[in-house]
1. Please find, in a Gaussian network model of chain A (springs between Cα atoms separated by less than 10 Å), the residue of A:H96, A:H301, A:H314 whose mean-square fluctuation is greatest.
2. Between C:G250 and residues 5 or more places away or on another chain, which pairs have amide H atoms under 5 Å apart, with H built 1.01 Å from N, and which residues are they?
3. With +1 assigned to the C-beta of every Lys and Arg and -1 to the C-beta of every Asp and Glu, and no other charges, what is the dipole magnitude of the protein assembly as shown about the Cα centre in debye, to the nearest 20?
4. When the solvent-accessible surface of protein heavy atoms is calculated with a 1.4 angstrom probe, in what order do C:Y316, D:Y57 fall, highest first?
5. How are the C-alpha pair distances of the range B:41-117 spread across 5 Å bins, as whole percents from the shortest bin up?
6. For the range C:213-255, run through the GluC sites (Glu not before Pro) and keep only the ones in DSSP coil with at most 15 other Cβ atoms within 10 Å of their Cβ.
7. How large is the Rg to Rh ratio of the protein assembly as shown when both quantities use alpha carbon positions and Rh follows Kirkwood?
8. May I ask you to derive the relative contact order of the range A:87-157, considering only C-alpha pairs under 8 Å and at least 6 residues apart, and to give it as an integer percent?
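The values are calculated or read from the model by the stated rules, or taken from the named source; none is laboratory data. From a predicted model like this one, the values you see are computed outputs, not experimental measurements. Every residue, glycine as well, gets a Cβ built from its backbone with ideal geometry; the counts of neighbours run over all protein chains shown. Please note that ligands, DNA and RNA were not included when accessible areas were found on the heavy atoms of the full protein model with its side chains. Shrake-Rupley method; radii C 1.70, N 1.55, O 1.52, S 1.80 Å.
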There are 4 protein chains.
Amino acid sequence: MTAISAAVIPAPHQPIELREFPEPVLEQDSALLRVEYSELCGTDLHLHHGRLAGVPYPLIPGHVTVGRIEKLRGAMRDVLGQPFAEGDRVTFLDVHRTCNACWYCLVAKASTRCPQRKVYGITYGAADGLCGGWSQKVYLKPGTRCLRLDGVAPELFMAGGCALPTALHAVERANLRLGETVLVLGSGPVGLSAVGFARLAGAGQVLCIGAPDERLRVATAMGADDVLNLSKLEFAARFQWVAERTAGRGADVTIEATGVPAAVVEAMRSTRDAGRVVVVGQYTDAGEVPFNPHADLNRKHLDVLGCWGSDFSHFYRGIEILKTAAGRQMWSAVPMQHFGLGQLNEALAELAAGRTIKALVVPET
Amino acid sequence: MTAISAAVIPAPHQPIELREFPEPVLEQDSALLRVEYSELCGTDLHLHHGRLAGVPYPLIPGHVTVGRIEKLRGAMRDVLGQPFAEGDRVTFLDVHRTCNACWYCLVAKASTRCPQRKVYGITYGAADGLCGGWSQKVYLKPGTRCLRLDGVAPELFMAGGCALPTALHAVERANLRLGETVLVLGSGPVGLSAVGFARLAGAGQVLCIGAPDERLRVATAMGADDVLNLSKLEFAARFQWVAERTAGRGADVTIEATGVPAAVVEAMRSTRDAGRVVVVGQYTDAGEVPFNPHADLNRKHLDVLGCWGSDFSHFYRGIEILKTAAGRQMWSAVPMQHFGLGQLNEALAELAAGRTIKALVVPET
Amino acid sequence: MTAISAAVIPAPHQPIELREFPEPVLEQDSALLRVEYSELCGTDLHLHHGRLAGVPYPLIPGHVTVGRIEKLRGAMRDVLGQPFAEGDRVTFLDVHRTCNACWYCLVAKASTRCPQRKVYGITYGAADGLCGGWSQKVYLKPGTRCLRLDGVAPELFMAGGCALPTALHAVERANLRLGETVLVLGSGPVGLSAVGFARLAGAGQVLCIGAPDERLRVATAMGADDVLNLSKLEFAARFQWVAERTAGRGADVTIEATGVPAAVVEAMRSTRDAGRVVVVGQYTDAGEVPFNPHADLNRKHLDVLGCWGSDFSHFYRGIEILKTAAGRQMWSAVPMQHFGLGQLNEALAELAAGRTIKALVVPET
Amino acid sequence: MTAISAAVIPAPHQPIELREFPEPVLEQDSALLRVEYSELCGTDLHLHHGRLAGVPYPLIPGHVTVGRIEKLRGAMRDVLGQPFAEGDRVTFLDVHRTCNACWYCLVAKASTRCPQRKVYGITYGAADGLCGGWSQKVYLKPGTRCLRLDGVAPELFMAGGCALPTALHAVERANLRLGETVLVLGSGPVGLSAVGFARLAGAGQVLCIGAPDERLRVATAMGADDVLNLSKLEFAARFQWVAERTAGRGADVTIEATGVPAAVVEAMRSTRDAGRVVVVGQYTDAGEVPFNPHADLNRKHLDVLGCWGSDFSHFYRGIEILKTAAGRQMWSAVPMQHFGLGQLNEALAELAAGRTIKALVVPET
């Protein structure tokens, strides 16, 4: 039994280290996954900067991962009841242990707010075992929700990555009607996937405001009709741009995917009266922002909808979308850079500098 | 043809004056209403202080009114197609001329945001005719939506007044589920009616935070299980009070009906994760307030829903509710003070001082 | 360790027998409940007649039960995470093992259609252990969802019984708006609870068509404004009765709770255009019925909504409703007859003859 | 002032005749449209066979029409408030006079069930004026809702025709979620447009069952992943085909667009538990069909949704969709045959024989 290498954030702000872990003893109905690809995304940058509460450092990051089942003890089944076998290529929902037993799961039916919820690569630490994808192998605990990747290339799935279910959830919350105009604020992975899903969900027009130009070109490839680089403009000019494309009204739906508090207020102001705003980009606490409850919310008769996390349905249906011709074409447009386990400090730096859109972790490189 | 007396706000901050108007010449399919009761509410205070934009002073206020049809030219019909006759006791929807021809009416189906919308007693001025209820008579223009008050005492209808459709609209937006806990912030007329409708819509528990104690006693009579006087407490203590009644979670639904910007943020913080907040109290611009988009909205997976105005359906169904035993009992609990047309400066002062909850204007006093 | 007596349906159409069972060995995180009350309802009549598929006779019926925890091994917790203790008075959701792992649970979020779903007293047979309430004791398997009955008298809870969550689910599906007219077809337990919930959910008017008069008197006590005995009338006369109360339109919402196929078509015909019909009474296969897709459905722009089973949220919120003054008053109106374990053949006969509305099984009688 | 030629159905089953009409005197705010294209669709076949109630023969059919404004008296405006001018190319909503004053319009907000509703080419007869598109000119009465066809070729708009808003309405009722499987029953114009909108609204998979093969080829071109010719198969085999593509469950959403009563029941049986069925094809009364309320509806926890007509929002947003690249491509796939005013008996025969999918009426041919 050989040791398993994994990349670890020892503590906030400390360099990532390669560490070796023993192969875990499998519990009943669990498995060991040999990682083909994992992801390095903005959340990992937040984790490296210690911006998320309740993270049990040291941590093996990597919350979206694809690989093959190397060992299986007992039975694991997909949602159709079909058993998995060693050798199967799978991915799995990073969210684990939503309990189906608490008030949030059973009464509110809001499993993304279940207090027992644990997330691979984020709230499971290295002390919990091989629970992150920046590793040669990942331990799939009993109850992990796996999904076969039949008919979807693993690279295509990773092009969506964690943004895929997140953005699908956001677009679903928007309750889009055929022919409406959707404005996406932000052109990071979630914003780009939101552009794709808005297009796929029947928008008549998809607008995207973000930066830099390279990402906006991806937004265009994923279905945006028009894009605007925000870096050179004030809000008034940005609103003017939206207004010109919406008969002066603002968008029917705005999806905020930026991480900047002021963007939430900009989303409200960029949306037409009686429209909908989905706020999905405020993943970490970046402070307060002033807004005007009369003019920005009440008089506008606006729906402002927070959107937290995702559940298995978003994950499953996101992959169904990748099986369609349009979905395949859209997410193929996302450029990806590959990094080995030993290159992840560099990868974080690239991401922080905005020089990479999607960094893939490839342990076998 | 005798002159008609009406009370007029000549301009913001100027004392109300009694003025005389000639009896209008009726257009085809219009009517003249002899007023039995009209209303003096918080909106009229705003009007007197000039806090609403686009008001064409001088103004005859009074947007909710009951009376009898004194003269009718041509035909006016109710929604069942039944013609009205002289002598019928009716009320009418203060909102007029939502056009059923613009983008907001026809595509967005958001008639409360129709740009052509005009409101009796607010955006129709004295120059438009007898278009406010603080008058012996009101001119019912062609197309005014009238409703018979059969089976509902006019005093009971006035106890609801303009708050009735507004609060019904707010509770409807909340999409309440049977057995949920509703928190109402504010104990003015809209807050009190929201308490009643939340109870009627199947809340398991209705909480109300407001002031002064006299209004909270009315809240209790209208169905609140528990009330809290906000005047002596900080937010932390108020939240503690809500938390104790909701297993620490906050309310399932919070309805903001206060007019104070900070109350909107308090509403968000007082609501459980994945709950709903309806903002109905920010009728005038009282400035900005800071909030935290991460902690107050996104991570909470909250729905924050602005609620503007009301349409005929809220008006109609509000009156249907007054016909039920429970509705009759609830709104009978609202204390009312009567004022003649010559006493309205005094009435405004009473209202401003919080000494009256519901001031009725009785022209024939 | 003394033997435990339970009443058993050996096979369809055979008389109920008292049998003795050994006390079960408790698995980890399971419990033994000493039964105070269980229920005998229409489902049990169906079970006795063999009308339900997939029932593993011999069977201990009784799917809704209240009692005290007599023995507890390991930990069982309520939805707030509070541990239960021996001596606690609890009830439990009859539905067990909805798996939270299959396509219906995770993707469709339709747990009442989960193929792994098992129901105490219906699809668990005597071979599965003490899994029905017609017994001195019930075995609460690991994962059973229990709920404390604090603040609700057990007799009141039983007055609702299995009809409580079922009817709440049906009324919730109806998406009732404040002031609408609800027509309930059927005055059995589900129909009566639907009358109560429709009233509580804000109906302006609740109508009930059923039989016999005794049950209709209960419907009135539970909130029906008007009731009609169907036994003496043809459909045309029944529709006329509804039409007279709805300006000729039919009800806004009709809830079918009869078990008779023709009633589903009557529900469609008794509902106004663009209204909603909830079908909750077709629990067993009673054959086909003809309808006219043009006139009964498409031209009417109707929503016809099947409603199957219930989940924990309906159970939980139903009990929240029983804690309110109005809920307590309504379900107190349901007359109940008590039967010991040895009297259940007689109880079935009473129910079949329509001489009892709600039969309680009281093992300690 | 020259005479205007129009094609008229004198009475059911009688040959279409060309008749001459005087040019109408324009009322204030009305217009005269010179017709470029009108439509001959299945509804016209029904009209010719007298299958619709309340049709005031003699009739100028043609309910969807494009042309140029030849004369305008007073002002007509689009939904943005922009005035139309002579020479503008427009289309108009065939539905006229939904009153915005009755219970259905104002309380139920179900304008497609407004009793005052009149439809050009169907319920306006020749006695009402030039109110059908099978004419050189159409009289646009005051209040007709016109829409500029900027950016959409008139031929493309006619390829959608009346099926465009109808199918959009049906797909909107289905409340489709991203990645779901949609089954369309029927491959007439409504079925084909439903295929297109289901694809555009984010279906993961679109299936279509219809006939003949030529239409199914169009379905494929409009976005169907798989099609089945129903003519050679029994229901069991058809269901088997659906089941194989849906893991045995049936479709998430089925849209019935056939006109055959039995297809409604087939739709229910072809849909997975807790799925949705939209019934849009039962435009005329083709008699009754038996179904099983237990097995087909209640146990399946199904939503069965009738869908009648369409309103301006469907019309407007359908045209927004035609402006998108995907929309343009889809509806370009619909083959059209042109017929002059004198060839319409022949055109009806072609349509009745299934030899044409979409027949355009071109008065200037």
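1. A:H301
2. Result for C:G250 returns nothing.
3. On the way: 144 positive and 148 negative charges, 1 e Å.
I would put it at about 0 debye.
4. Numbers: C:Y316 35, D:Y57 55 Å².
Result, largest first: D:Y57, C:Y316.
5. P(r) for the range B:41-117, in whole percents per bin: 3, 12, 15, 17, 18, 18, 14, 4, 0.
6. Details: sites: C:E214, C:E234, C:E244; in loops: C:E234.
For GluC sites (Glu not before Pro) across the range C:213-255 that sit outside H, G, I, E and B with at most 15 neighbouring Cβ atoms in 10 Å, the list reads C:E234.
7. On the way: Rg = 32.7 Å, Rh = 34.0 Å.
Result for the protein assembly as shown is an Rg/Rh of 0.96.
8. Details: 78 pairs, mean separation 25.8, N = 71.
Relative contact order comes out at 36 percent.
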